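This report concerns only the one structure given below.
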Amino acid sequence: MIHFKQTEIGYKSPLINVADLTLEAGKVYALVGRNGSGKSTFLRSITGQNPLISGDININSVSFKKANAIEKSKTIAFVESKFDGIAFLSVADYLALGRAPYTNALGRLSQGDWDFVRQVANEIGIEAFMQKDTLSLSDGERQLCAIARAIVQETPVLLLDEPSAFLDYANKQILVDKLLQIANEKQKCIVFSTHDLDLCIENKLEFLALKNNTLTKVNGLNKLELIGLLEGNL
Amino acid sequence: MIQSQRINWFLVVSLLIFPLIAYFHLTVGQQAISISDFKNAIFAYDSTNTAQLLAREFRFPRLIMACVAGAGLSLAGMLMQTLFNNPLAGPYVLGINSGASLMVAISLLTGIQFFGTNFGLISTALIGAFAAGILMMSVVGFLKSQVSLLLVGLMFGSFTSAIVSFLEISSKAEQLKSFTLWSMGSLQNVLLEQIPLILLFFVFGIILSALIVKPLNLLVLGENAASLLGLKIQQTRIVILIITALFTGLITAFCGPIAFVGLAVPNITRILLKTQNHFHLIAGNLLIGSSFLLLCDILIQLIENEIQLPINVLTSLIGAPFVIFVLIRKMK
């Protein structure tokens, strides 16, 4: 699915070196690392907002260096850590914007597009809010809307930047449940950055640990071992 | 889908009210003109008839100029608000007007004509508007808060007005007079034979705006999210710059600076229509913008005998408190 080969990520000097890493479809990866370790930079480099220093990222065997904006928007969907809502924008219209890569120059959605939007809203469980203003929702409801919008974009890859940061405990669990469900049902590759180690361990997620400029795939560690790894004591 | 019903109702009602306002605007002047004179002024024009002459040479051009100015400034304001994701943006507060005014001042006060006589003033104002627009767009990348963009615009306005004052001091009496008249702002400066050109520019700007409805709708999410949905941000910026500079330059050249219409009307339209669909917002801004300036101009003509109020003074009287209202709503 996503393949990194001799990829150097960073700004002027490399912050992260990824020698050889493959992320698979149908899985949810938790990207962990201390503040400033480069989690956001890593995600922004996959989306192309942050240019690679060297190397390449292949997604479904397509070089992302050469892909244009529309191809990228059909491959990767991105969810920011917080969606504050937008005045006078209803949830339905917000989700509909996720179809932008597929609509014509006027941006009009086909019946099929609208059916898909409604189907996604049902799957995520936000169908009751469709006519509501995005400003009128709670933080948890808005985060689900933001994820629904990303799913409406119908991409094989879904990236989320600290999606659980502003959620209460119950909503954090709902978030992970939804991500696992989406990855499994739609065979998406999902990567989300987080500081909620307990949440990820409880849900047996696979970790991508960022430490000292290297990214390691780790599995089945307990909390102490994981913290030790991130602190550099292991 | 309740939303779109509300919008349809709004558009139907304002389409019905608009001709009434326009008709009232035509008839409000000091000399009474009958409907048949208006009709004849278009279809069977007799230049020896004073009423028909008045209708054809003064009332119609003024009506069209008021509509174009109100609608054009509102549309320009809407585009800048969406691009900068900032309800306080507008051609006046961002200094696009100031750029146009500065160039006009340099031309009128120094007597240097940049272009041939007929299109001279328009081209001069357009260049000033474009230059100010490019300046603003290059500055915006460095600014984090919505209010600082406004401050930069106001500073730019102060800076240009300082240069204008300097030019005024060192210019000849005759040049000063023609500039002062222009800077007061008036909807009556336009000549009948200039109308086709103005309408051509105006329609061109509206068509361009309609073509970028999809990018505008995406920009509501912010530039980052929009570009991840496939938006070509640089292209969109250039098109928006072209439309806003075109409208602002054109209108400033003919009517002088008109403040706050471009800021207030797009906000009013969003509040009334409760939508972020720019196809509806464009229609709403055109209707509300032209109606708003027509109403202002009707008021000016009603009190004409007591006091000669320049259009810019009236729109500032209404607009400045409105900006404070928006600020309080945003910042609370």
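The values are calculated or read from the model by the stated rules, or taken from the named source; none is laboratory data. Because the structure is predicted, anything quoted here is derived from the model rather than measured. Heads up, the Cβs are rebuilt from the backbone with ideal geometry, glycines too, and the neighbour counts pull from every protein chain shown.
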### Within segment B:25-112, helices (runs of 4 or more DSSP H) holding 2 or more residues that are hydroxyl-bearing (Ser, Thr, Tyr)
B:60-83, B:96-110
### Summary
Those residues of segment A:89-139 which are more than 9 Å from chain B (Cβ to nearest Cβ) and in a loop (DSSP other than H, G, I, E, B) amount to A:Leu109, A:Ser110, A:Gly125, A:Ile126, A:Met130, A:Lys132, A:Leu137, A:Ser138
### Task
Of the numbered conditions (1) surrounded by 13 or more Cβ atoms within 10 Å (Cβ to Cβ); (2) within 19 Å of A:Asn35 (Cα to Cα), A:Leu224 fails exactly one; give the number of that condition.
(1)
### Task
Starting from residues that are of a type in the set (A, V, I, L, M, F, W, C) and surrounded by fewer than 24 Cβ atoms within 10 Å (Cβ to Cβ), keep the ones in segment B:261-278 and report whichever is nearest to the chain's Cα centre (by Cα).
B:Ile268
### Message
Take A:Lys204 and tell me if it is at positive phi and charged (D, E, K, R).
### Response
yes
### Message
Tell me yes or no: at least one residue of segment A:189-199 is out of contact with any Ser or Thr (no Cβ under 7 Å at 6 or more places or on another chain), free of Cβ contacts under 8 Å to residues at least 12 places away in the same chain and of a type outside the set (A, V, I, L, M).
### Response
no
### Message
For segment A:68-84: of the residues being part of a loop (DSSP other than H, G, I, E, B) and either within 11 Å of another protein chain (Cβ to nearest Cβ) or aromatic (Phe, Trp, Tyr) (or both), which is farthest from the chain's Cα centre (by Cα)?
### Response
A:Asn68
### Message
Where the second residue is of a type in the set (Lys, Arg) and the first is without any contact (Cβ under 8 Å) to a residue 24 or more places away in the chain and lies in segment A:54-78, which pairs have Cβ atoms under 8 Å and are six or more apart or on separate chains?
### Response
A:Phe64/A:Lys72; A:Ala69/B:Lys232
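Out of A:Val157, A:Val91, report the one residue that is among the hydrophobic types (A, V, I, L, M, F, W, C) and over 23 Å from A:Cys200 (Cβ atoms).
That would be A:Val91, the only listed residue that is among the hydrophobic types (A, V, I, L, M, F, W, C) and over 23 Å from A:Cys200 (Cβ atoms).
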#### Entry: Among (1) of a type outside the set (Gly, Ala, Ser); (2) within 14 Å of another protein chain (Cβ to nearest Cβ); (3) within 21 Å of the chain's Cα centre (by Cα) - the single one B:Arg6 does not satisfy
(3)
### Residues of segment A:25-39 satisfying the condition of being under 19 Å from A:Ala150 (Cα atoms) and surrounded by fewer than 18 Cβ atoms within 10 Å (Cβ to Cβ)
A:Ala25, A:Gly26, A:Lys27
### Condition met for B:Ile17 (at pLDDT 90 or above and in contact with a helix residue (DSSP H, G or I) (Cβ under 6 Å, 6 or more places away or on another chain))
no
### Task
Check whether at least one residue in segment B:130-142 is modelled with pLDDT under 90 and not in a helix (DSSP H, G or I), and report yes or no.
yes
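Do you know which of the residues in segment B:186-202 that are outside any helix (DSSP H, G or I) and among the polar types (S, T, N, Q) is farthest from B:Leu54 (Cα to Cα)?
Among residues in segment B:186-202 that are outside any helix (DSSP H, G or I) and among the polar types (S, T, N, Q), the one farthest from B:Leu54 (Cα to Cα) is B:Ser186.
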### Query
Only one residue in B:Ile212, B:Ile240 is surrounded by 19 or more Cβ atoms within 10 Å (Cβ to Cβ), touching a residue at least 12 places away in the same chain (Cβ under 8 Å), hydrophobic (A, V, I, L, M, F, W, C) and within 14 Å of another protein chain (Cβ to nearest Cβ). Which one?
B:Ile212
### Query
How many residues does segment A:29-60 hold that are over 30 Å from A:Asn203 (Cα atoms) and either away from every other protein chain (no Cβ under 14 Å) or assigned to a helix (DSSP H, G or I) (or both)?
5
### Task
Considering every residue within segment A:198-208, establish whether at least one is at pLDDT below 95 and of a type in the set (Val, Ile, Thr).
yes
#### Entry: Candidate set from segment A:129-165 (those that are of a type in the set (S, T, N, Q) and surrounded by 18 or more Cβ atoms within 10 Å (Cβ to Cβ)); member that is farthest from A:Gly36 (Cα to Cα)
A:Thr134
